[in-house]
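**Student:** Below: one structure in structure tokens.
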Amino acid sequence: MKSDFFKYQAQTTTHPLAMEISHANGSYIYDTNNKAYLDFVAGVSATPLGHNHPKVINAIKEQADKYLHVMVYGEYIQKPAVELTKLLAKHLPYPLEKTYLTNSGTEAIEGALKLAKRATGRSEIISAHNAYHGNTMGSLSVMGYEERKQAFRPLLPDVRFISFNNEDDLNHITTKTACIILETIQGSAGFVESINGYLEKVRQRCSEVGALLILDEIQPGIGRTGKLFGFEHYNCIPDILVTGKGLGGGMPIGAFTASAKLMDLLSENPKLGHITTFGGHPLIAASALATLKEITESDLMPLALEKEQLIRKLLVHPLILEIRGKGLMLALITPSADITNTIILKCQDLGLILFWLLFEPKAVRITPPLTISNEEIIKGCNIILDVLNTIQH
Ligand SMILES: Cc1ncc(COP(=O)(O)O)c(C=O)c1O
């Protein structure tokens, strides 16, 4: 299968990991030689309940027996999508009440940006250096990493960049600004958290000038940081909240949520302000609903904070300069990209899956399923320490 993979399936790099997958269960992924790999990545934060979680699989199977796609988004009343959006609203602060379901995170970002323009009648969008919001043209326009977007210009006009956590830059948000879009915790930049009340100050500035605040919680959202949404750690409620990844429980999804007043703007002047065929797909919404129920009804969120402490306690080594992030969204910062590469590749050989971050070459991603056990954490951390001990420093 490997040669067909390289021959027929389009690649994103010249050197994909190319592990040939047989099946996956709990915190483990198995290759076609039946070698078990402990998963410290969770499909890049997209499988919060691990692999093959019975509640998720049953929800998908039950829905599959009823109906799959029946109509484009928004026309028919389909129970999984209605229940999912209602449950999201139940767990969100007022006025975040109405959710638009999309097929991917980047599409939800596109919808959020469009909604901000439509609502304010303004065109300027402000984003942050080193931000990642997805790969379609709008999301790429607000990506704060020139090297990866230059080849695709021209992109959206009227996009300005500020530095995350730099309060002086907030002056750039003005009455011309439609919206500022930020990741609540910057992911690709290296799991950079907001400090000194920065997000609160962004919120205040937006309210002063009538700009909308979009928080991208596609990665930190859905329990990964120990709370359902990352913004709950700060005193900052966005005007538009974007989620995705873990919400789907292993199925492709994106979502943006706003007040009813804002969201209703997408259905008139012009009507069909954002449309999609498959958004809110019943199988995916059923999977997401089961996932969201499990995360909000279990103790997985408080446990994520305890598991963070366990990882921080175990992973002490001279080659780990810092552990960034919150809950089970953690990044080890090593002295060099070479050391990071060695850790990730050697750990894979030893049966532990780790991964990179997009823009911080010294970071090792640790974003396991929230369901990972303490024993599995200890096992994985010991593999990392064993590999670190083989590296000269
Ligand atoms: C913060 C953030 N925003 C947006 C996206 C894009 O989501 P998707 O890959 O589902 O389009 C990602 C995906 O990695 C992300 O981490």
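**Student:** Do the sum for the chain: with -39,500 (n - 2.57) for every DSSP H run of n ≥ 4, divided by all residues, what is the mean residue ellipticity at 222 nm, to the nearest 500 deg cm²/dmol? Please report the intermediate quantities before stating the final value.
**Tutor:** Values: 12 runs with 134 residues, N = 393.
Value at 222 nm, helices only, nearest 500: -10500 deg cm²/dmol.
**Student:** Which percent of the accessible area of segment 288-393 is formed by carbon and sulfur heavy atoms (probe 1.4 angstrom)? It would help to have the intermediate numbers written out before the result.
**Tutor:** Numbers: 2390 of 4380 Å².
That share works out to 55 percent.
**Student:** Right, another one. From the phi angles alone, apply the Karplus equation (6.51, -1.76, 1.60; θ = phi - 60°) to segment 94-104 and give each ³J(HN,Hα) in whole Hz, x where the residue is Gly or Pro.
**Tutor:** Along segment 94-104, the couplings run 4, x, 6, 9, 10, 10, 9, 9, 10, 8, 7 Hz.
**Student:** Still on this model: Can you tell me the order of 105-115, 323-333, 90-100, 153-163 when each peptide is scored by its average per-residue count of other Cβ atoms within 10 angstrom, highest first?
**Tutor:** So the order, starting with the most tightly packed, is 105-115, 323-333, 90-100, 153-163.
**Student:** Shifting gears a bit: So what's the angle, to the nearest 10 degrees on a 0 to 90 scale, between helix 54-66 and the longest Cα principal axis of the chain?
**Tutor:** The answer is roughly 50 degrees.
**Student:** How long are the semi-axes of the ellipsoid equivalent to segment 1-93, from square roots of 5 times the Cα gyration tensor eigenvalues, in whole Å, largest first?
**Tutor:** Working: eigenvalues 209, 69, 46 Å².
Value: 32, 19, 15 Å, ordered largest first.
**Student:** Quote the relative contact order of segment 246-379 in percent (integer), defining contacts as alpha-carbon pairs under 8 Å separated by 6+ residues.
**Tutor:** Working: 133 pairs, mean separation 25.2, N = 134.
Taking the mean separation of contacting Cα pairs over the length of segment 246-379, I get 19 percent.
**Student:** Which of the residue pairs Lys79/Lys245; Lys61/Lys379; Lys55/Lys326; Lys90/Lys362 have a Cα-Cα distance greater than 28 Å in the structure shown?
**Tutor:** Values: Lys79/Lys245 21 Å; Lys61/Lys379 33 Å; Lys55/Lys326 26 Å; Lys90/Lys362 39 Å.
As for pairs spanning more than 28 Å Cα to Cα, those are Lys61/Lys379; Lys90/Lys362.
**Student:** I need the shape label for segment 345-393. Rule: rounded when a/c is under 1.5, else prolate if a/b > b/c, else oblate, with a, b, c from the alpha carbon gyration tensor. Show your work: numbers first, answer last.
**Tutor:** On the way: a/c = 2.12, a/b = 1.15, b/c = 1.85.
It comes out oblate by the Cα gyration axes.
**Student:** Shifting gears a bit: Among the lysines, which fall within straight-line cross-link reach of Lys117, defined as a Cα-Cα distance under 24 Å, with same-chain neighbours fewer than 8 residues apart omitted?
**Tutor:** Lys98, Lys149, Lys176, Lys201, Lys261, Lys271
**Student:** Normalised by the residues of segment 280-341, what does the relative contact order come to in percent, with Cα pairs under 8 Å and at least six apart? Write out the running numbers ahead of the final one.
**Tutor:** Numbers: 37 pairs, mean separation 13.9, N = 62.
Relative contact order of segment 280-341: 22 percent.
**Student:** Would you rank Thr243, Thr390 by solvent-accessible area, highest first, keeping every protein chain in place and using a 1.4 Å probe?
**Tutor:** On the way: Thr243 0, Thr390 80 Å².
Order by accessible area, largest first: Thr390, Thr243.
**Student:** Testing the spin-label approximation: label points 7 Å from Cα along Cα→Cβ at Thr390 and Asp31. State their distance in nm.
**Tutor:** Between Thr390 and Asp31, the label points sit 1.4 nm apart.
**Student:** In the chain, what % of DSSP beta bridges are antiparallel (nearest 5)?
**Tutor:** Values: 28 of 45 bridges.
Restricted to the chain, the bridges split so that about 60 percent are antiparallel.
**Student:** At a 1.4 Å probe radius, carbon and sulfur cover how many percent of the accessible area of segment 1-101? Walk me through the numbers on the way to the answer.
**Tutor:** On the way: 3470 of 6330 Å².
On segment 1-101, the fraction of accessible area on carbon and sulfur atoms equals 55 percent.
**Student:** So what J values fall out for segment 190-202 if you push phi through Karplus, 6.51 cos²θ - 1.76 cosθ + 1.60 with θ = phi - 60°, rounded to Hz, Gly and Pro as x?
**Tutor:** Working through the residues one at a time gives x, 6, 8, 8, 6, 10, 6, x, 4, 5, 4, 5, 4 Hz.
**Student:** When the Cα centres of segment 3-78 and segment 173-196 are compared, how far apart do they sit, in Å?
**Tutor:** Spelled out, the Cα-based centre of one part sits 30 Å from the other.
**Student:** Let me ask another. Restricting to Cα pairs below 8 Å that are 6+ residues apart, what does the relative contact order work out to for the chain? Please round to a whole percent. Could the numbers behind the result be given before it?
**Tutor:** Working: 799 pairs, mean separation 89.0, N = 393.
The value is 23 percent.
**Student:** Let me ask something else about it. Jot down the radius of gyration and Dmax of the chain, Cα atoms only, both in angstrom.
**Tutor:** 20.7, 63
**Student:** Alpha carbon centre of segment 213-258 versus segment 333-375: separation in Å?
**Tutor:** Each part reduced to its Cα centre gives a spacing of 23 Å.
**Student:** Next question. Using a ≥ b ≥ c from the Cα gyration tensor of segment 300-389 (square roots of the eigenvalues), is it rounded, prolate or oblate, where a/c under 1.5 gives rounded and otherwise the larger of a/b and b/c decides, a/b for prolate?
**Tutor:** Numbers: a/c = 1.67, a/b = 1.40, b/c = 1.19.
Since a/c reaches 1.5 and a/b is larger than b/c, the shape of segment 300-389 is classed as prolate.
**Student:** Please give the per residue accessible area of the chain, computed with a probe of 1.4 Å over protein heavy atoms only, in Å².
**Tutor:** Details: 17590 Å² over 393 residues.
Heavy-atom SASA per residue in the chain reads 45 Å².
**Student:** Going highest first, how would you order 347-353, 259-265 by mean Cβ packing within 10 Å?
**Tutor:** Values: 347-353: 18.0, 259-265: 15.1.
Put in order of decreasing packing, that is 347-353, 259-265.
**Student:** Moving to a separate point now. Accessible area of segment 203-252 with a 1.4 Å probe: how many percent of it is carbon plus sulfur?
**Tutor:** Values: 610 of 1340 Å².
The nonpolar share, carbon plus sulfur, comes to 46 percent.
**Student:** Classify segment 179-273 as rounded, prolate or oblate, taking a ≥ b ≥ c as the square roots of the eigenvalues of its Cα gyration tensor: rounded when a/c is under 1.5, otherwise prolate if a/b is larger than b/c and oblate if not. Before the final figure, lay out each step's value.
**Tutor:** Numbers: a/c = 2.23, a/b = 1.15, b/c = 1.94.
Judged from the Cα gyration tensor, segment 179-273 comes out oblate (a/c at least 1.5, b/c at or above a/b).
**Student:** Now a separate question. List, in order, the whole-Hz ³J(HN,Hα) value for each residue of segment 15-25 obtained from phi through the Karplus relation with A = 6.51, B = -1.76, C = 1.60 and θ = phi - 60°; use x for Gly and Pro.
**Tutor:** Taking θ as phi minus 60°, the curve returns 9, x, 5, 6, 7, 8, 8, 9, 7, 8, 7 Hz for segment 15-25.
The values are calculated or read from the model by the stated rules, or taken from the named source; none is laboratory data. Because the structure is predicted, anything quoted here is derived from the model rather than measured. Virtual Cβ from ideal backbone geometry, glycine too; neighbours counted across all protein chains shown. With ligands, DNA and RNA removed, areas are computed over all heavy atoms of the protein, side chains included. Shrake-Rupley method; radii C 1.70, N 1.55, O 1.52, S 1.80 Å.
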